[in-house]
Structures are given as C-alpha cells and as structure tokens.
Amino acid sequence: MGLLEFLGRRPDNRFMQMVRRRVLAIAFSLALLALVSSGGGGRAATDRTAKVVVITSGVVPEGEGLASGDYGYADYGLVLRNRSLTRDAIDVTVEVDAVDGRGQSLTDSYTAVTLIPAGADFVISGALIWRGPPELAGIETEVHVGQTAPRGRRLPPVKHVSVTSSGGVLGLFTNPYKKPLPKSATIYGVLLDSRGRIVAAGYDVTDAVTRPGATVAFDILESSTTVQLDAVTSAKVSVDPCGYLAFTRVCPVPGAQR
C-alpha cells in the first residue's frame, strides 16, 4: 500500500511538497547517523573546549495539509551559539526529541553540522513525524561537539535575505573556499516574530556543486502553511558547506575531512 493510499489523501502539489520534506528529513537523519557511526567515533575524545548551546528554539505544527488521525507532523527550528571566542566547533551533532505532555518521547530527529566558528550563531531546522494524534507538547535538545580547533574557519556568507508574501525566504550565499561546495551543502532558515520567537522553519540542499567564489540564489520555506506573516519581523539563514558529506574529501572546510 502506498503512502498516499495509506493516509487517504489526494496527491496535490502542496501535499507532495510536504511529504518530500518528511522523506528528506528521514533520509538525512539516516545518512548522518551512518556517517557518524562509520567515521566520527574516533573524534569523540578530542578537545571539547568549544561549547555550543541552543539559545532559541521553536516548534511549528503543520496545518491541515497533512492532518491525519494516524500521524502528527511538526517543523522545528533552533539557533545554536558557539560560546567560545577562541575555538571553532567542528562536527556538531544535535538531537531533537519531541515529547508529549507527560514528558514521553514521541519521535526524534538528528542533525549534524559541519562547522560553527568561534563566537558565531548557526541556524538549523528539521521535521518531526510521529504515530498517533497531535499530542506534541514541546522539544528537548542535546548538543555534542565532536572536535574543536583554533579559530579561523568561516561559513559561506549570506546576504540580501528577505521574506516573500507567501512566507518564503530569498537570499544569496557565496562559496568562500578554494574548493567547490558539494551538492550536499544545506541551507537552513527560520522566521522570527518581534519577540524573537521562531514561527516557521525550513531547509533545502543546493543539489548542485558551487564553484569557488561563486554567489548563488536560494529560495526556502515557500511551503510553510501555518506561519502568520503579519507576525514575522525577521529571518535568519545559515549555510552548512558540506551537509551529509562532511568528513569526506569533497568537504572544503579544513579539519572536516577524513
């Protein structure tokens, strides 16, 4: 039985976009778990002087587009901060646990971040799916730093970020490295209200190699269905230069290759 038949839904465009996001999130989690299991274990005992913490978090339940008595769905967004001013954090892993009102886990999500430079913030976002009615009460997070190194690394810079009338986030990012960015480079974005609360979150991969020095456009979050646009006052965007290909030869970040 197919997913559409199982959920009893018509395959309209918005539905398919949401399903694609869910499948992509699950695939990313599995790929990143496999990556850490195969190559990251030997880095766990390295210097951990860079402390990465969550300074802002938000959960955005889905609207009626995927409403179902059998499953619940939500997006989440986090703003991470490397509190060290002298050490870059490399191979940062973030586990997000969705909990109900009794504190019981409904599901979890896993994200790996290639690099958070010393003193810098980094935005991530993801999707949660769980079996049962929408009983989500909140999320719990756990952050680990795989290794640290003296400051000096940088992330792809982002500029001209704007929010569209439909809730999308537009902007440009540049490859600052001497090597190409792999097609796994991931763009994360969150929308914030006037109190700094996250009201929408999303991400996408470039799906194309970005040559050194090149500047390319991005467009994310267009499929958000629950954001109240009149409440949005700003957007934050971060680019992970390697995504699920961190610690491979194609990753251009020094220290983030096997």
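The values are calculated or read from the model by the stated rules, or taken from the named source; none is laboratory data. Computed from a prediction, not measured in an experiment: that's the story for all the values here. Glycine gets a Cβ as well: all are built from the backbone with ideal geometry, and neighbour counts include every protein chain shown. Surface accessibility is based on the protein's heavy atoms, side chains included, excluding ligands, DNA and RNA. Shrake-Rupley method; radii C 1.70, N 1.55, O 1.52, S 1.80 Å.
Inter-label distance, residue 230 to residue 140: 3.8 nm, where each label sits 7 Å from its Cα along the C-beta direction. Determine the sum of side-chain charges near residue 238: Lys and Arg each +1, Asp and Glu each -1, restricted to other residues whose C-beta is under 15 angstrom from that of residue 238. Here the count lands on +1. The relative contact order of the range 70-181, computed from alpha carbon pairs under 8 Å that lie at least 6 residues apart in sequence, is 32 percent. Evaluated at q = 0.10 Å⁻¹, a Debye calculation over the C-alpha positions of the range 109-258 (equal weights, vacuum) places log10 I(q)/I(0) at -0.38. Given a Förster distance of 22 Å, report the FRET efficiency between residue 166 and residue 214 from their Cβ-Cβ distance, rounded to the nearest 0.05. That gives a FRET efficiency of 0.20. In the neighborhood of residue 199, defined by Cβ-to-Cβ distances under 13 Å, what is the net charge if each Lys or Arg adds +1 and each Asp or Glu adds -1? My count for the surroundings of residue 199 gives 0.
With the highest mean first, a sort of the peptides 199-208, 95-104, 78-87, 112-121 on other beta-carbon atoms found within 10 angstrom per residue produces 112-121, 199-208, 78-87, 95-104.
Of the solvent-accessible surface of the range 117-231, computed with a 1.4 Å probe over protein heavy atoms with every protein chain present, carbon and sulfur atoms account for 49 percent.
P(r) for the range 93-173, please, calculated from all Cα pair distances in 5 Å bins and given in %. Here the calculated profile for the range 93-173 is 3, 11, 17, 15, 14, 17, 13, 7, 2, 0.
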